[in-house]
C-alpha cells in the first residue's frame, strides 16, 4: 500500500506540474502576442486565398460564404485558430459590408448584407480598419478586449495582383488563462487518479510484496540468530552477503557475537581461576589450620602416652574434635563445588533443603521467608541459589552470628533477596577487595543486578540484590522458546 500510494501521488503531482506549466505557457504566449501573430499568419496563407474567390464574385453569394465559414470553423474549444466558447468569424467586404458570420447569430442575423456597425463590436474597430487599409504588420492586426477576455484579429484578403483589398476575415478568440485551465483540472485529475490507481496499484502491490518479502526474510534471520545468541548458542551466524544497511547490520552482529563468545569464554576461564583461588584460600584458612592443629594434638598425645594418660586423653579428645570439624568443613566445601539441581525442584524447595542441611551443620538459627513465590528461569534460579549458599557459607565461617535471616520477595517486576545476620560484622573499607565479596558481586552482575553490602563492626552484615525485570523477561523468553 505504501508503494502504491507513493507511486500514484508522484504521478498526480507530475501531471499537475506539467498541466500548470503548459497552461501558463500557453496563456503567456497568447497574451504576449505570439499566438495571435501565428494565427494571423496561418489564416492569411491558408484561408484568405479560398475566400478571395467568393469576394471576386459580383454579387457575392452570401449563403456560400456562410457555408464556407461554418466549414472552416472548428468545434468550440478545439485548439486551432479559435479558442473557447466566445469564438466568432466575420467576413467583411472592403466597403464595410458584412457578408457572413459564424456561428449564426454571433452579432445579428439581420446584419448580414448590411454595413457593419462598429459600435456594436467594441474593440474590433482598430484591427478591422487596419486590415481594410491593407496593413500587413501583424501587431497592428489584433487587439485585446479586456472586458470580455478576448482577442480580436483581422486579416486582409487581397486580389491576385495584390493591389486592392477585397475584404477582411476577422475572428475573435477567448484568451486562455491559468484560472480557466485550473477550473478544468479537477475532472482531469479525477480520471487520472483512477487510471494511475489501477495501473500503479497493481505494479506497486507486486513490487511491494516482493521487496517486503525479501526484507522480512532477512529480518527473520536476524531475529532467529539473536534468539540463539541469547540462549548461549553462538554457532549460528547470519548469512547475508548484501552490502546495504541490513547486510552491514548482519556483519556487525556476527562480529559482536564472536566477540561476545570470546568474552564469555574468558569470563568462564577467569571464574574457574577465581573459584580455584577461593577454594585454595578456604582450604588454607580453615582446613589446613584444623589439620595442623589436629596434628599438633596427636603429637602431644604421643608424648604424654607414657607420662600422663589423663592429659593424653584430653588432647586426644581435642584432636578428635578438630578432625570432626575438619570433616564438616571439607563436606561443606565439597557441597559448594557441586552444582545445584533445580530442574525438578525449583529455587524455593532447593533453598529449603539447603537451609535444613545448613542448620544441622551450624549452631546458628536461620529464618527463611518467602513472599509471593513464582517460578523463574532455571539459570536465574541457579545463580540466586549459588549466591545464597556462598553468603551463608561466609556467615558460618566468619560472622560468629547466632541468627540469620534469608528473605526472598517476588513481584511482577523483580525478585529481591536479602541475607542478614547479627554477627560481629566488619569494616567495608578494609574488606572491599576481599575475594569472597568479589565473587558474590560477580555472580550478581551476571544476573544484571548490583550486590549491596551493609556492615559495621559489632552490627552484623546485610547482603541484598535485586534481579531486574529486563533480565527476567529476556531469560524467560529464551527458556520458553
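The values are calculated or read from the model by the stated rules, or taken from the named source; none is laboratory data. These numbers were taken from a predicted model, which means no experiment stands behind them. FYI the Cβ positions are ideal-geometry reconstructions off the backbone, even for glycines, and counts take in every protein chain you see.
Would you check if residue 427 is surrounded by 17 or more Cβ atoms within 10 Å (Cβ to Cβ) and closer than 30 Å to residue 325 by Cβ?
On the way: surrounded by 17 or more Cβ atoms within 10 Å (Cβ to Cβ): no; closer than 30 Å to residue 325 by Cβ: yes.
Considered against the rule, which asks whether it is surrounded by 17 or more Cβ atoms within 10 Å (Cβ to Cβ) and closer than 30 Å to residue 325 by Cβ, residue 427 comes out as no.
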Going through (1) closer than 27 Å to residue 269 by Cα; (2) at pLDDT below 85 one by one, residue 390 fails only at (2)
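Table: residues versus (1) touching a residue at least 24 places away in the same chain (Cβ under 8 Å); (2) surrounded by 14 or more Cβ atoms within 10 Å (Cβ to Cβ); (3) farther than 30 Å from residue 4 by Cα.
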residue	(1), (2), (3)
211	yes, no, no
215	yes, no, no
224	no, no, yes
231	yes, yes, yes
235	no, no, yes
241	no, no, no
246	yes, yes, no
253	yes, yes, yes
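For (1) at pLDDT 90 or above; (2) outside the structural domain of residue 376 (by TED's automatic domain parsing); (3) more than 28 Å from residue 330 (Cα to Cα); (4) in contact with a helix residue (DSSP H, G or I) (Cβ under 7 Å, 6 or more places away or on another chain), each residue gets a yes or a no:
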residue	(1), (2), (3), (4)
410	yes, no, yes, no
414	no, no, yes, yes
417	yes, no, no, yes
424	yes, no, no, yes
432	no, no, no, no
439	no, no, no, yes
461	yes, no, no, yes
Within the range 184-209, the residues that are part of a helix (DSSP H, G or I) and free of Cβ contacts under 8 Å to residues at least 60 places away in the same chain are 186, 187, 190, 191, 194, 195, 198, 199, 202, 206, 209
Being assigned by TED's automatic domain parsing to the domain that holds residue 151, modelled with pLDDT of 70 or more and in a loop (DSSP other than H, G, I, E, B) narrows it down to one residue among 60, 64, 70; which is it? 60
Criterion first (assigned by TED's automatic domain parsing to the domain that holds residue 279, at pLDDT below 80 and part of a helix (DSSP H, G or I)) does residue 317 satisfy it? no
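State yes or no: is residue 250 within 30 Å of residue 324 (Cα to Cα) and in contact with a helix residue (DSSP H, G or I) (Cβ under 9 Å, 6 or more places away or on another chain)?
no
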Testing residue 240 on (1) within 20 Å of the chain's Cα centre (by Cα); (2) assigned to a loop (DSSP other than H, G, I, E, B), one condition comes back false. Which one is that? (1)
Would you check which residues across the range 126-155 are modelled with pLDDT of 85 or more and over 13 Å from residue 171 (Cβ atoms) and list them? 126, 129, 130, 132, 133, 134, 135
